[in-house]
């Protein structure tokens with residue numbers, strides 16, 4: 001059954017725009033081909049009302065298809081959809097649940113919203129706003145999974161859970177961090193602060209580097225500044241979440257099929273109740289973490305795209 005109809009004026013303008021030729025793509029209809037390909041692979045594991053839902057929220061629906069297809073194609077995971085209620089997908093060979101959420105820039109006028117680019121004006125990378133947006137979507141989903149799905153028995157408390165966050169529709173969707181550094185999603189879930197270089201002023205050489213410890217981020221509210229946690233994965237309240245998989249893919253700039261998932265950043269929770277094996281994702285970059293009650297260590301990342 002056809003997913004998209006160019007003759008329908010959908011409430012979400014992205015639904016219609018993605019069906020138009022995009023001049024910078026080769027061929028110009030690459031985006032619509034990509035969406036149709038994703039749907040052909042995932043239609044059997046999507047919500048029963050998916051074809052109506054995509055007219056209302058194209059970005060969220062695209063994210064579900066992209067994550068599911070990437071997990072099937074690159075991660076070689078048996079992805080199923082047991083019910084329209086509860087988490088989006090069940091990863092059968094891992095006995096694990098996956099919930100997909102799509103981050104947005106935030107409401108216009110909110111001081112914590114990710115700023116839009118301005119013509120002929122240099123702007124700094126909005127790391128603080130990105131961390132605040134990602135922490136909000138993570139926290140909301142993690143609490144929903146615990147308070148609704150686990151409590152109602154849809155998910156067994158001994159089953160692993162991953163949250164798949166799409167940042168592909170953010171104004172600043174592409175990663176920006178120094179080589180050997182950490183993406184914003186890692187700095188959202190763990191107290192990783194500013195990057196510091198130690199320089200020998202006599203020889204003008206870098207002697208070492210480190211990251212400052214940052215346990216929170218300041219958020220502007222009507223009542224003043226409020227500290228937002230960035231140590232979720234060191235907090236027992238979130239030990240039901242095993243990992244977060246972050247993606248920056250979107251439909252307008254499609255990634256070729258053989259490389260789906262190359263954009264994944266997977267951050268493991270060192271205190272997760274139900275561990276998933278390192279390397280389960282098989283694509284993108286994976287960030288293992290070792291921790292105890294006093295400290296945590298970022299272990300060497302696993303770059304599946306170079307292995």
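The values are calculated or read from the model by the stated rules, or taken from the named source; none is laboratory data. From a predicted model like this one, the values you see are computed outputs, not experimental measurements. Methodologically, a virtual Cβ is constructed for each residue, glycine included, from the backbone with ideal geometry; neighbour enumeration extends over all protein chains shown.
Looking across 236, 249, one residue alone is surrounded by 15 or more Cβ atoms within 10 Å (Cβ to Cβ) and either more than 30 Å from residue 109 (Cβ to Cβ) or touching a residue at least 24 places away in the same chain (Cβ under 8 Å) (or both). It is 249.
Contact map, segment 60-75: first residue on the phi < 0 side of the Ramachandran plot and without any contact (Cβ under 8 Å) to a residue 24 or more places away in the chain, second residue in a helix (DSSP H, G or I) and buried (at least 24 other Cβ atoms within 10 Å of the Cβ), Cβ cut-off under 6 Å, separation 6 or more or different chains; pairs are 61/54. Checking each residue in segment 280-299 for being outside any loop (DSSP other than H, G, I, E, B) and closer than 28 Å to residue 69 by Cα picks out 285, 286, 287, 289. Taking the listed residues 140, 84, the one that is at pLDDT 95 or above, farther than 27 Å from residue 236 by Cα and out of contact with any helix residue (DSSP H, G or I) (no Cβ under 6 Å at 6 or more places or on another chain) is 84, with no other qualifying. The condition of being more than 20 Å from the chain's Cα centre (by Cα), touching a residue at least 12 places away in the same chain (Cβ under 8 Å) and buried (at least 17 other Cβ atoms within 10 Å of the Cβ) holds for only one of 155, 165, that being 155.
Of the residues that sit in segment 69-84 and are farther than 15 Å from residue 266 by Cα and crowded, with 20+ Cβ neighbours inside 10 Å, which one is nearest to the chain's Cα centre (by Cα)?
The extreme case among them is 69.
State whether the residues of segment 233-242 include one that is modelled with pLDDT under 90 and more than 18 Å from residue 140 (Cβ to Cβ). No. In the set (1) closer than 26 Å to residue 128 by Cβ; (2) out of contact with any strand residue (DSSP E or B) (no Cβ under 7 Å at 6 or more places or on another chain), the condition left unmet by residue 270 is number (2). If you go through segment 255-275 and keep only what is closer than 17 Å to residue 72 by Cβ and either surrounded by fewer than 21 Cβ atoms within 10 Å (Cβ to Cβ) or more than 19 Å from the chain's Cα centre (by Cα) (or both), you end up with 255, 256, 257, 258, 259, 262.
Would you confirm, using the coordinates I've provided, whether residue 192 is farther than 22 Å from residue 99 by Cβ, touching a residue at least 40 places away in the same chain (Cβ under 8 Å) and touching a strand residue (DSSP E or B) at 6+ places or on another chain (Cβ under 8 Å)? Give the steps one after another, and end with the answer.
Working: farther than 22 Å from residue 99 by Cβ: yes; touching a residue at least 40 places away in the same chain (Cβ under 8 Å): yes; touching a strand residue (DSSP E or B) at 6+ places or on another chain (Cβ under 8 Å): yes.
It is true that residue 192 is farther than 22 Å from residue 99 by Cβ, touching a residue at least 40 places away in the same chain (Cβ under 8 Å) and touching a strand residue (DSSP E or B) at 6+ places or on another chain (Cβ under 8 Å).
Right, residue 299: on the phi < 0 side of the Ramachandran plot and within 17 Å of the chain's Cα centre (by Cα) or not?
Working: on the phi < 0 side of the Ramachandran plot: yes; within 17 Å of the chain's Cα centre (by Cα): no.
Answer is no for this residue.
Would segment 98-116 turn up any residue that is closer than 20 Å to residue 239 by Cβ, over 19 Å from the mean Cα position of the chain (by Cα) and surrounded by 11 or more Cβ atoms within 10 Å (Cβ to Cβ)? No - not one qualifying residue is present in segment 98-116.
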